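Some notes on the structure that comes next.
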Amino acid sequence: MNETLRIQIIYGDSREELKQLADNSIDLIFTSPPYADRRVHTYGGVKPEDYVAWFLPISEQLLRVLKPTGTFVLNIKEKAENGERSTYVLELILALRKQGWLWTEEFVWHKKNCYPGKWPNRFRDAWERLLQFNKAKKFNMYQDAVKVPIGDWAKDRLKKLSETDQIRDNARNGSGFGKNVSNWVDRDSVYPTNVLHLATECGNKNHSAAFPEALPEWFIKLFTQEKDVVLDPFAGSGTTLQVAKRLYRHAIGIEIVPEYVEMIKAELETKELQLFESRANYEITQSQRSD
Ligand SMILES: C[S@@+](CC[C@H](N)C(=O)[O-])C[C@H]1O[C@@H](n2cnc3c(N)ncnc32)[C@H](O)[C@@H]1O
């Protein structure tokens, strides 16, 4: 089977460029925008108090371009200043709900190798948010694609089952949850939790805020299938595009810093893609996939 994949890098400002994309055309938006007041010298910093107003016109476009079955995952983390955590991410969640998004889930990225450090009033920060938003309650989700090995605990725990292990054991608090431990016998993989334990290292990328490939990879597998379309409106070094391409998804990235656009192009080119220039943008079409 021969497939042509389209990887499009748009050099420009998401606030404008998103308007060029078609309604209901994207299956997954996966992105890490500039966090408030971060990296002011690299690509400007939006003040925490201005962040919601800055983001809402962008998310309005994201809402328009996302398919009703699609998902929007936002990687973000507020920092602490003057002894307090900033509240702009919480305000953003509420504003996005008012804009029409459903706040479906919050995943945690546990950074296994975060910087060591000590502060008088807090411990080192070892996690970031991945906020999941949807347009509708029913959306595409391919849970089997992210199953994980059941783990060594199962060997001993499942060797000898008690009587209660073999029937559904309902939670005592009346929550309606219950488990039948015997269901796990002979299984070697299980569904993961909403906590992702990933290292922060990002290869030798020349971008100060690149996330590890494993992060978009997990969500692309969970929310898309081959030939679906993935969008990253803050592409940075292009991690999302690289992973989408590797997993045979079409991808669109928007990036405002020309050096980063060049970096994405170079990276994709070295991975043997053909380059076609269109307007100020670059459309990269991958030739042939053979099964
Ligand atoms: C947190 S970084 C993304 C890093 C990316 N996930 C990676 O793995 O390399 C945010 C990126 O958004 C870009 N950016 C900031 N404002 C933008 C805008 N209005 N439109 C498009 N890109 C923008 C920045 O230049 C920066 O590269």
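Here, each number is a calculation from the coordinates, and none is a lab measurement. This is a predicted model, so every value here is computed, not measured. We place every Cβ from the backbone using ideal geometry, glycine too, and count neighbours over all the protein chains shown.
Rounded to the nearest 20 debye, what is the charge dipole size of region 97-190 about its Cα centre when +1 sits on each Lys and Arg Cβ and -1 on each Asp and Glu Cβ?
Numbers: 20 positive and 12 negative charges, 100 e Å.
Magnitude of the dipole: close to 480 debye.
With every atom except the alpha carbons ignored, what do you get for Rg and Dmax of region 148-190, in angstroms?
11.4, 30
Calculate the all-directions average of the projected area of region 97-183's alpha-carbon convex hull, and give it in nm².
On the way: hull surface 44.2 nm².
So the Cα hull casts an average projection of 11.1 nm².
Going down the table (K138/K245; K159/K179; K77/K227; K47/K67; K111/K135), which pairs top 20 Å between alpha carbons? Working shown, then result.
Values: K138/K245 26 Å; K159/K179 17 Å; K77/K227 31 Å; K47/K67 31 Å; K111/K135 29 Å.
Going by Cα-Cα distance, K138/K245; K77/K227; K47/K67; K111/K135 fall outside the 20 Å limit.
With +1 assigned to the C-beta of every Lys and Arg and -1 to the C-beta of every Asp and Glu, and no other charges, what is the dipole magnitude of the chain about the Cα centre in debye, to the nearest 20?
Details: 41 positive and 41 negative charges, 183 e Å.
It works out to roughly 880 debye.
Report the equivalent ellipsoid semi-axes for the chain in whole Å, largest first, defined as the square roots of five times the eigenvalues of the gyration tensor built from alpha carbon atoms. Could the numbers behind the result be given before it?
Values: eigenvalues 237, 131, 78 Å².
Sorted largest first and rounded, they come to 34, 26, 20 Å.
Report the semi-axes of the equivalent ellipsoid for region 1-109 in whole Å, largest first, where each axis is √(5λ) for an eigenvalue λ of the Cα gyration tensor.
Details: eigenvalues 145, 58, 39 Å².
That gives 27, 17, 14 Å for the three semi-axes.
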